[in-house]
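Contents: one structure, followed by commentary.
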Amino acid sequence: MRLPHTPGPARRSVQYLRYRTGLIRSVHTFHREAVERITLVVPDSLGDIAINSAITRAIRLRGAPAEITLLTDRKYASAVAFNPDYDAVALLDGYTDKPPWALTYQEQLAAAKALTPAMDALVLCQPGAWCDALWSRFHSLDIQYRLSGTPPALRRLPRLTVPAGAAEAVRPIRQRAVGRTAFIAPGAFTLKFGAAGERFFTELAARLVGAGWQVYWNGAEAPSPAGGAPGGAGSVVAVGHLPLAQVVALASSCERAVCARSGLADVITFCTPELPQYVLYPRTRYPYSRRPVRECYSLRAMGGVNVRESENSLDTDADLSAELAAVGQWLESPRKHTESTP
């Protein structure tokens, strides 16, 4: 796996040394004694913004009134609506033409000062471009705890809420469903599968349709399995064109969800932890480390108690057959009732 921001071994070692010695700091407090305005910087990634809800929960638990602003790219601004702790969003595209993942430490500081000049405190919550070595050492939630300085007593799991009106907006789609319902999200921006990857999701959709399931497909183009009338039992409905809030509301209303590991899987998990979700990770390691990406991004480690996690790079037909068999068994397993976690 090669990420766009991943530096070579020498540079990432220097970055980590600068972080450990305090030459670069993730938390900056400015001139006011009372911290009333806090800017959290997550330039890139829907998933990291979703995870950031653990940090905003900790800020609220401190009790002091604070206005929390998320600084991010326009592409991810819709994620703010899922977290009621945010008061505002500032967009990076009003400041720089660089890709959000490419912003250096100094560039993130400068952007925050320019776009939220009244802030009392600043937290850099995503270290990809300026200390990538953290990703190879800690889980993604633990990274945000560390970067924000959240003490153990205030650490909570990420939690999100489906935005108001989203469930009502997708009600007409849901009312046309007949029989069992499944949500499939085949896309993943960072983690890629092999030659059989796309076939896994399309064949899974075909099998579900053949068994009478209504499938909601969050891909660029929905497959067209034989059989089934559009909108009826045993059919596929494309939903990838819908706004993010409606996609998540629809997924949350289904009986099961099957997703490639992506930021969307985070949002669905944190909005609806009771939803049984099958999440597929490629069998690979984070760059320059011995840690499987599943360890870096595990949803179960972030409270996804109903998430079934599987590793399979889907390189061969044998991989495809094995994974289809595994997900088939999971689809027919009883839905477990679990208590919500704090």
From the list 118, 112, exactly one residue is out of contact with any helix residue (DSSP H, G or I) (no Cβ under 6 Å at 6 or more places or on another chain), open to solvent by 20 Å² or more (accessible area, probe 1.4 Å), closer than 15 Å to residue 28 by Cα and not basic (Lys, Arg). Which is it? 118
By residue number, the members of region 32-74 that are modelled with pLDDT of 95 or more, over 20 Å from residue 114 (Cβ atoms) and of a type in the set (Ser, Thr, Tyr) are 53, 56
With the checklist (1) modelled with pLDDT of 95 or more; (2) touching a helix residue (DSSP H, G or I) at 6+ places or on another chain (Cβ under 8 Å) in hand, flag the one item residue 255 doesn't pass. (2)
Per-region count, region 285-302, residues open to solvent by less than 40 Å² (accessible area, probe 1.4 Å) and modelled with pLDDT of 95 or more: 3
Residue list for region 251-310, restricted to those being of a type in the set (Gly, Ala, Ser) and in contact with a Ser or Thr (Cβ under 7 Å, 6 or more places away or on another chain): 252, 263, 289, 303, 304
For region 45-73, which positions are surrounded by fewer than 24 Cβ atoms within 10 Å (Cβ to Cβ) and more than 21 Å from residue 299 (Cβ to Cβ)? 59, 60, 61, 62, 63, 64, 65, 66, 67, 68, 69, 73
Which residue pairs have Cβ atoms closer than 9 Å, lie 6 or more positions apart in sequence or on different chains, and pair a first residue in region 73-102 that is in the same structural domain as residue 116 (by the TED database) and closer than 20 Å to residue 247 by Cα with a second residue that is among the polar types (S, T, N, Q) and open to solvent by 20 Å² or more (accessible area, probe 1.4 Å)? 76/45; 81/161; 82/161; 83/161; 84/161
Step by step: first the residues of region 157-177, then only those that are out of contact with any strand residue (DSSP E or B) (no Cβ under 9 Å at 6 or more places or on another chain) and of a type in the set (Lys, Arg), then the one that is farthest from residue 274 (Cα to Cα). Which residue is that? 171
Exactly one of these conditions fails for residue 76: (1) surrounded by fewer than 16 Cβ atoms within 10 Å (Cβ to Cβ); (2) within 23 Å of the chain's Cα centre (by Cα); (3) assigned to a helix (DSSP H, G or I). Give me its number. (1)
Taking the conditions exactly as written (at pLDDT below 95 and in contact with a Lys or Arg (Cβ under 9 Å, 6 or more places away or on another chain)), does residue 91 satisfy them or not? no
Do we find a residue being open to solvent by 10 Å² or more (accessible area, probe 1.4 Å), of a type in the set (Ser, Thr, Tyr) and outside any loop (DSSP other than H, G, I, E, B) anywhere in region 261-269? no
Would you check if residue 48 is within 30 Å of residue 167 (Cβ to Cβ) and part of a loop (DSSP other than H, G, I, E, B)? no
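The values are calculated or read from the model by the stated rules, or taken from the named source; none is laboratory data. Every value quoted in this text rests on a predicted model; they were computed, and no experiment measured them. Note: ideal-geometry Cβ built from the backbone for every residue, glycine included; neighbour counts use all protein chains shown. Accessible surface areas use protein heavy atoms only, side chains included; no ligands, DNA or RNA. Shrake-Rupley method; radii C 1.70, N 1.55, O 1.52, S 1.80 Å.
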